[in-house]
Each structure stands twice: as structure tokens, then as C-alpha cells.
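S.K.: Got a structure for you, written out below as C-alpha cells; questions coming shortly.
The values are calculated or read from the model by the stated rules, or taken from the named source; none is laboratory data. Model, not experiment: these values are computed from the prediction. With ideal geometry, Cβ positions are generated from the backbone for all residues, glycine too; neighbour counts draw on all protein chains shown. These accessible areas exclude ligands, DNA and RNA; they are computed on the full protein's heavy atoms, side chains included. Shrake-Rupley method; radii C 1.70, N 1.55, O 1.52, S 1.80 Å.
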Amino acid sequence: MAFMFFNSLLLLLLLLLQISCSRFSLALQENSSATVRSGQINSNSVLVALLDSHYTELAELVEKALLLQTLEETVGKHNITIFAPKNEALERDLDPEFKRFLLEPGNLKSLQTLLLYHIVPARIDRHSWPKSTSALTHHFTLSNERVELSGDDSSGEKFIGSAKVISSNAVDRPDGVIHGIEQLLIPRSVQQDFNNRRSLRSISAVKPEGAPEVDPRTHRLKKPAPPVKPGAPPVLPIYDAMAPGPSLAPAPAPGPGGPHHHFNGMRQVKDFIQTLIQYGGYNEMADILVNLTSLATEMGRLVSEGYVLTVLAPNDEAMAKLTTDQLSEPGAPEQIIYYHIIPEYQTEESMYNAVRRFGKVSYDTLRLPHKVLAQEADGSVRFGHSDGSAYLFDPDIYTDGRISVQGIDGVLFPLEEKAKEEKKTIKVATVKPRRGKLLEAACRMLVAIGQDSRFTSCRL
């Protein structure tokens, strides 16, 4: 009897243990499935289908609006219904100004509201759509605004607001459904934001203007520089930003960091002059920039305003060949250096590739209207014409993205100045023979006449 009771008790314990194990495994499966559902998205999800569907424009906007995380959390809680406009509605049919408004970084909130207005946190199949215009239904979207669903019983067409549904149940997944619509849905709040922004842009105030300024270098009215974004290249040409020539007024000292606070030009000019001195062989060039002229200050101001410069720096051996007459005239040192500054950013590689590709290249200089000619010669770059040319001797002495310094072995002069010097030399050479011929003719006449014995010793 005791043995039978013991067996019955043992069977009861085994049964209870089996029931407990089954309940525990079921609870474990439910917890794991819930964790998977909340932690990651299934490959069969409606969000994955949206990104892979032919509604590519809407999918790109969802990514730009940073809404994927929000939609993942929503899908983890309940089904959703997405009303997806066709690509043409976002590419061609949408107002370009409104599209620019949505894509501006400062209007991210409006873009998010617009996209969430197309998503309802409930499943709405084609069968649950209203059959007639009288039986309207309203649903709250993820943007907390209501959309109106209606239908036409005669034609069988379905509408959401004023937009026609062109493909109902285009994508059907366990956690949601996508309906294709013919146009974009715009909530009132976003339309109001756009209207307010557009009305503010149309308001223009008349700013007070002072007396017009005349540029002493060009004798023309100065044009005010339009505002530019920090880091953008200047709008006006570099010649309008240059200081008046030395014969008119000295170059003004720049403000700290330039008027637009784009770059610290003075620091960059100081760096490249120190690099010239430490490199060796370019002390004369550095002396002209700092001591003989105020060009270092002017270059710093130009770089501060966003301009870029390439300096063709003659070495000390070339500068030593300059005569006193070439440097003593007012403004002569400035004009010489201006002809060696190109208002572009060029490196040895870029210039050599250009002359190899095109043979001869003319670069603008700060000495208007003269240009410096560059061509390939002996595997390098040669500047200037014939005898007055100079080779690229020390490439890339200094390059920082704003200022480029290239060492050359000669001082360059415009072709017109060379022609004037050659013309002066020819005049002096023709005067001397003429003077000798007049003296020879006078001696012959006096000897022939024989009026005075003093002239008989005249040697022809």
C-alpha cells in the first residue's frame, strides 16, 4: 500500500515539473520574440519594403529627415499604413521653391512633420476603406494631425484628402501596408510655415546709403562687395580689392582676420616670408616685400578677404642683376613684384601639366594688363620671352592652399618694356657713327682747302 502511494506521488511530481517547464519555455520564447521585435526590424517589415520599393523619392526623404529610428519604434508597437506619393509627384509636380524650403537644414522639423503626415499608426487595408463620399472616416497620423479617407461607390476610386489612390495595397506586409497616391499630402502647419518664410523673404527694407566712393586707382565708382558665406571665394575680382598704387597712396593696414574673417592672411604671409628666408637664396625678395614696399601687408589683406595668390620669386642671384635705375623710379619695385604675382593658386605640378597639355599658357598678373607667358622647356616650366625668360628653379617652396611660392632664376619684365629698352639702345648706337662721319668730312674739307697749316695734321 505504501509502495503504491509512493508511486502515485512520484508521478504527480513529474507531471507538475513538466507543466512548469513548458510554461517557462513558453514565457522564454515570448520574451525573446518581444526582444527581437523591439531590438531589430524583420526583413519582411514594411519599412524594408519601402526602402526597396519604387517609391524611391519618399524613401530618400525619410532618410534625410532622420525618421528611420522613429518608424522602427512605431512598427515595433503596432501596424502602420503609409500613403506613398509617386516619384513624379516629388520630382516634377512639386513646386521647386517649396522643395528647396523642405530640404534646407533649418527646416528639418517641417520636413519631418510632412512625412509623418503620410503615416497612420494603424492598418488600413483596401477592404476597410469607405465605399462612398458620405461615409467619411478620419484617422490621426504620426504628426498628430487628421487625414480624411473617402471613396466613390460609382467608380470605385479611393481618396485620402484630395489625393487619389492610384495603387491600393501596393505593398502588403505583416506589420503594415503601403498605398500609392498621385500627389503629396501637405499639412496645414507646414504650409503655414512655408507661407510665413516666403512672406518674410519678400519684405525688403531700404538701407541708408552714403555718398558714392570713387576708386582712386581706376577713377570709377566703387561697387560694394555682395555678402558671401565664410570660406566661399570672393565675388569681386582681385583687382577691385587691391590698394591704390604707390604713386597715389600707401597700402592700408588690414584689420585682424580681414573684414569677412575668412582667413588670417597676415599670418600666412608671415609664414611664407619666413620660409623664403629659411630656404635660403631669396633674401632680396623678402626684403622688397617687407622693407622696400608695403606689399606684404597688401598680400595679407587680400588673402584675409579670400583671394589666392601664386608668387614667382626670383632668387638672390637674379635680383642682383637689377640696376639702380630699374629700382629707383617711383613705384618701380611694386610694379616688378606685381608682375611676379598670379591671382590664382598654382603649384609646380599644375603649371607643368598645363604647359605640357597646351604648349603655351598665359597667366594673369597683378600688373594689369600684362600677362606672364609659361611654356615647357627642358622638362620644366619657363616663364617670359626669349632672353628675358626664367626657369622654374625651386618648385613649391611654400604651399598652404592660399599662397603658393615658386622659385625662378630670373627677373621677369613685360614684353613692352623690353622693346622700349632695346629701342633706346639702338638710338645710342646709331648716333655715334654719325658723329664720326661728320668729323671725317670736316677734316677732309679743311685739308683740301689748305687754309691753315694746323689742319694738315688731321688724321682720317
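S.K.: Could you provide, to the nearest whole Å², the per residue accessible area of region 265-408 with probe 1.4 Å?
M.R.: 45 Å²
S.K.: Give the accessible area for residue 159 in Å² (nearest 10); use a 1.4 Å probe, count only protein heavy atoms, and leave out ligands, DNA and RNA.
M.R.: About 50 Å², rounded to the nearest 10.
S.K.: Which far-off residues, 5 or more places away or on another chain, put their amide H under 5 Å from the one on residue 182, with H placed in the peptide plane?
M.R.: Under 5 Å from the amide H of residue 182: 164, 166.
S.K.: For residue 131, tell me the accessible area in Å² from a 1.4 Å probe, rounded to the nearest 10.
M.R.: Residue 131 exposes around 130 Å² with every protein chain in place.
S.K.: Find which of 181, 120, 195 sits farthest along the positive direction of the dipole of region 46-195, computed with +1 on the beta-carbon of Lys and Arg, -1 on that of Asp and Glu, about the Cα centre.
M.R.: Comparing the listed Cα positions along the dipole, 120 ranks first.
S.K.: Determine the share of region 46-195's accessible area contributed by carbon and sulfur atoms, expressed in whole percent, with a 1.4 angstrom probe.
M.R.: Ligands and nucleic acids excluded, carbon and sulfur reach 47 percent.
S.K.: If you average 1/r over all unlike Cα pairs in region 265-408 and invert the result, what Kirkwood radius do you get in angstrom?
M.R.: 15.3 Å
S.K.: Here's another thing I want to ask about it. Counting only other residues whose beta carbon sits under 15 Å from that of residue 274, what net charge do I get with K and R as +1, D and E as -1?
M.R.: Net local charge, residue 274 excluded: -1.
S.K.: Still on this structure: Keeping all protein chains in the complex and leaving out DNA, RNA and ligands, what accessible area do you get for residue 52 with a 1.4 Å probe, in Å² to the nearest 10?
M.R.: Spelled out: residue 52, probe radius 1.4 Å, area about 120 Å².
S.K.: Let me ask something else. First compute the accessible area of region 265-408 with a 1.4 Å probe, then give the percent of it belonging to carbon and sulfur atoms.
M.R.: Using a 1.4 Å probe with all protein chains present, region 265-408 comes out at 46 percent carbon and sulfur.
S.K.: What translational diffusion coefficient, to the nearest whole µm²/s, does region 310-373 have by Stokes-Einstein, given a Kirkwood radius computed over alpha-carbon pairs, a temperature of 25 °C and 0.890 mPa s viscosity?
M.R.: Estimated diffusion coefficient is 186 µm²/s.
S.K.: Whole-Hz ³J(HN,Hα) for each residue in region 293-308, computed from phi via Karplus 6.51 cos²θ - 1.76 cosθ + 1.60 with θ = phi - 60°, x for glycine and proline: what do you get?
M.R.: Result, ordered by residue: 9, 9, 5, 4, 5, 5, 5, x, 5, 5, 5, 5, 8, x, 7, 10 Hz.
S.K.: Quick query: amide H of residue 408 versus all other amide H atoms, modeled in the peptide plane; which residues come in under 5 Å with a sequence gap of 5 or more or a different chain?
M.R.: 313, 315, 393, 394
S.K.: Under a Cβ-only charge scheme (Lys and Arg +1, Asp and Glu -1), can you give me the dipole magnitude of region 50-111 about the Cα centre, in debye to the nearest 20?
M.R.: 180 debye
S.K.: I've got another one for you. Quick one: Karplus J couplings for region 167-180, per residue in order, coefficients 6.51, -1.76, 1.60, θ = phi - 60°, nearest Hz, x for Gly and Pro?
M.R.: Coupling constants for region 167-180: 8, 7, 6, 5, 10, 10, 10, x, 9, x, 9, 10, 10, x Hz.
S.K.: If you don't mind, there's one more thing I want to ask. Using +1 on the beta carbon of Lys and Arg, -1 on that of Asp and Glu, and nothing else charged, what's the dipole of region 46-195 about the Cα centre, debye to 20?
M.R.: Charge dipole, region 46-195, about its Cα centre: 320 debye, nearest 20.
S.K.: Using the structure shown, list the pairs from 99/164; 64/158; 86/109; 109/164 with a Cα-Cα distance above 28 Å, or answer none.
M.R.: Correct reply: 64/158.
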